[in-house]
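Comments concern the structure below.
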Amino acid sequence: MNSVPFIPETAPFTAEQRAWLNGFLAGLFSQVPPEQIQSSQTNGAQKSGEPLLVLFGSQTGTAEVLAKKFAKEAQQRGFAPSVLALNDYENANLAAVDKAVIISSTWGDGDPPDNAANFWNWLNSDAAPRLENLHFAVLGLGDKNYSDFCGASKKFDSRLEVLGAKRFASRGECDADYEAPAKAWMDGLWEKLGQSATSSQLSVVVTNGHHPVATDYKLPAADKSNPFPARLLKNVLLNRPGSSKEVRHYEISLDGSGLTYEPGDALGVMPVNCPELVEEIIAALKCNPTDNVAVSDSTLPLREALLRHLDITKPSQEFFATVANAAPSSGLAELLALEKRDELRQWLYGRGVVDLLLLLAEPPPAADFVRLMKKLMPRLYSVSSSPNAHPGEVHLTVSAVRYESFGRGRKGVASTFLADRVGEAEFLKVFIQPSHGFKLPPSGETPMIMIGPGTGIAPFRAFLEEREVAGAKGKNWLFFGDQCRAADFLYEEQLTAWQKSGLLTRLDLAFSRDQAEKIYVQHRMLENAGELWSWLEAGAHFYVCGDASRMAKDVDDALHKIIETTGGKSADDAKTYVAKMKSDKRYQRDVY
Ligand SMILES: Cc1cc2nc3c(=O)[nH]c(=O)nc-3n(C[C@H](O)[C@H](O)[C@H](O)COP(=O)(O)OP(=O)(O)OC[C@H]3O[C@@H](n4cnc5c(N)ncnc54)[C@H](O)[C@@H]3O)c2cc1C
Ligand SMILES: Cc1cc2nc3c(=O)[nH]c(=O)nc-3n(C[C@H](O)[C@H](O)[C@H](O)COP(=O)(O)O)c2cc1C
């Protein structure tokens, strides 16, 4: 096998240094002796060394893992695949590429993920070149609960066409249950790429020298489709009496799992539904809970299907449509029109499967009902521990979702599963979701600014524990906030001890309800604009974790403002400064 050495993202280089080194290595190793190409062809590879560019846009790693799996198969089929994040578009040199596959999720409100944001700004600008040589196919990952489903992939797909590139396969779309549709879409590409549908087992890597090959990756020991049954060791309430929040600290044993993680990664938790809700649905269905029903490829008792396999809280579009049509007096059928999408969303807010089921005079047969339910999906949680500080364990910091709506108490599936339904010493199924886009700086000397209000503190506890264990000398500045200092100062003892020991160079706190006017982390940033700017100029990495809907945007606005006012830059130059921070991986976000 002839593969090109590749500088990984974790190596202690800047993005530019890495790109240069990778280009240099690719060029050096591309001078493959002709007899080696010959021998790979005679080994039966169908496409010996044909370059195939695989680009991903991914916030939490799902699209990235798919891109790497796809590239691995391409490699086995004899292509010379290269895998790059979309923001590495300069290195990819799209104008000179023949075939590219793009796999991207969508974040925010129809936006590209952070590691594709610069790519989109470039692609959508006048600076983008004509791409007549390019043949492309785009796969979108998304979630139908968001109004702009797979929005980023739609933008990429149509803009590439405008720039003259040719689509060799139609755009694919995957909802939260993405595995099977993603696989079907990817399997369908081989024929279009001039390959038979069956996979070649041959492993050949020949580069054409122009892209780095990065298919040499390991798949995790346990993953989403094969989660590990881990033991819950501790469940501790972090808020004090008087709080309106319920944030809990969990310690989970990974003993025997073979799972490893790094600070910045997330833990996937497979929840089990609330048994009382299951019983209520069984009663409404007027069914025998032990009767078998078909779910995916298996047959299992109804109660078991409702407990562990089906999403019985958020209604699918199909279930809503079935109820709307079967209950004409509800007037819901008119919400099915495309232009009523926002009204439908409003109607559904705070309502669930059970509310719809109770609108029916006659419940559907259990077999039909389960067909209309979506699959129960895992939830991700940012790990809040360093594996070096707590060997064999992973810690989480989770806010329990509980609210009242339409006269009924409601519970978030996974957060209350963790809080109420997994006892200490009991098991829960987990997997690690590696996040390549949210990592400690490669050097322990690099200063870090961390904005982590509420449960956003989680990855920063992990970062700081890791730096403490490693004896890293870099300066650390944490902004934390919540409602009230007396009740909501999560991890107060640990954070104040770190402040005393000097691990935390600065700790700035924003408790919104401790004074008449609301104070949030972005206000503390602005109050400290001078020092924050000098940290940025000294090369600090800037991290944000927590609420995506408001906090992340307010913090981003404050960052731009500081760069403009204290850094003395125009609004456009501040945008360029921030874009450069992103492409240098100095501005990283883990927001949800
Ligand atoms: C990468 C990543 C990292 C994350 N890290 C963390 C973390 O460290 N800690 C953490 O706590 N969470 C974290 N989350 C969020 C977490 O994954 C779950 O989304 C969260 O715990 C809720 O899941 P649930 O199953 O309990 O609730 P669900 O059953 O999914 O219910 C949540 C839904 O309930 C509805 N809802 C909530 N409140 C109301 C209300 N008042 N009125 C009407 N409807 C309402 C909303 O539609 C909401 O989407 C992270 C998410 C991601 C993607
Ligand atoms: C805060 C947040 C915002 C999201 N916004 C959208 C959206 O606007 N449209 C969409 O289709 N999916 C949206 N999603 C769903 C993600 O695209 C989906 O979970 C995807 O599988 C994540 O892939 P990744 O891990 O590669 O980033 C959002 C998810 C989160 C947590």
(request) Please identify the pairs in which a residue from segment 138-165 that is free of Cβ contacts under 8 Å to residues at least 24 places away in the same chain and not assigned by TED's automatic domain parsing to the domain that holds G108 has its Cβ atom under 7 Å from the Cβ atom of a residue that is assigned to a helix (DSSP H, G or I) and more than 16 Å from ligand 1 (Cβ to nearest atom), counting only partners at least 6 apart or on another chain. (result) none
(request) Give me a count of the residues in segment 432-481 that are within 16 Å of ligand 2 (Cβ to nearest atom) and either closer than 11 Å to L503 by Cβ or among the hydroxyl-bearing types (S, T, Y) (or both). (result) 2
(message) Whether any residue in segment 96-110 is away from ligand 2 (no atom under 11 Å from the Cβ), surrounded by fewer than 22 Cβ atoms within 10 Å (Cβ to Cβ) and in a helix (DSSP H, G or I) is what I want to check.
(response) yes
(message) Six or more apart or on different chains, Cβ atoms under 7 Å: show the pairs whose first residue is in segment 334-354 and without any contact (Cβ under 8 Å) to a residue 60 or more places away in the chain and whose second is of a type in the set (K, R) and part of a helix (DSSP H, G or I).
(response) E334/K340
(message) All but one of (1) closer than 20 Å to V54 by Cβ; (2) at pLDDT 95 or above hold for D114; state the number of the condition that does not hold.
(response) (2)
(request) Would you please list the contacts, defined by Cβ atoms under 8 Å and residues six or more apart or on different chains, that run from a residue in segment 473-495 that is without any contact (Cβ under 8 Å) to a residue 60 or more places away in the chain and part of a helix (DSSP H, G or I) to a residue that is crowded, with 24+ Cβ neighbours inside 10 Å and of a type in the set (G, A, S)? (result) none
(message) Just to check your reading of the model, which residue among K553, K582 is without any contact (Cβ under 8 Å) to a residue 24 or more places away in the chain, within 16 Å of ligand 2 (Cβ to nearest atom) and either of a type in the set (A, V, I, L, M) or within 30 Å of Q433 (Cα to Cα) (or both)?
(response) K553
(request) Considering each of W498, W533 in turn, give the residue that is touching a Gly at 6+ places or on another chain (Cβ under 7 Å), part of a helix (DSSP H, G or I), hydrophobic (A, V, I, L, M, F, W, C) and not assigned by TED's automatic domain parsing to the domain that holds D111. (result) W533
(message) I'd like the full set of residues that are more than 17 Å from the chain's Cα centre (by Cα) and within 16 Å of ligand 2 (Cβ to nearest atom), limited to segment 352-378.
(response) K374, K375, L376
(message) Looking at Y381 and the list (1) outside any loop (DSSP other than H, G, I, E, B); (2) buried (at least 21 other Cβ atoms within 10 Å of the Cβ); (3) more than 16 Å from ligand 2 (Cβ to nearest atom), which single condition is not satisfied?
(response) (3)
(request) Restricting attention to strands (runs of 3 or more DSSP E) lying wholly within segment 402-456, give those where 1 or more residues are among the aromatic types (F, W, Y) and within 11 Å of ligand 1 (Cβ to nearest atom). (result) 402-405
(request) Give the residues of segment 315-346 that are within 24 Å of S415 (Cα to Cα) and in contact with a helix residue (DSSP H, G or I) (Cβ under 7 Å, 6 or more places away or on another chain), sorted by residue number. (result) P315, S316
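The values are calculated or read from the model by the stated rules, or taken from the named source; none is laboratory data. Predicted model only: the values in this text are computed from it and were never measured. Cβ sites come from the backbone with ideal geometry, for glycine too, and all protein chains shown count toward neighbours.
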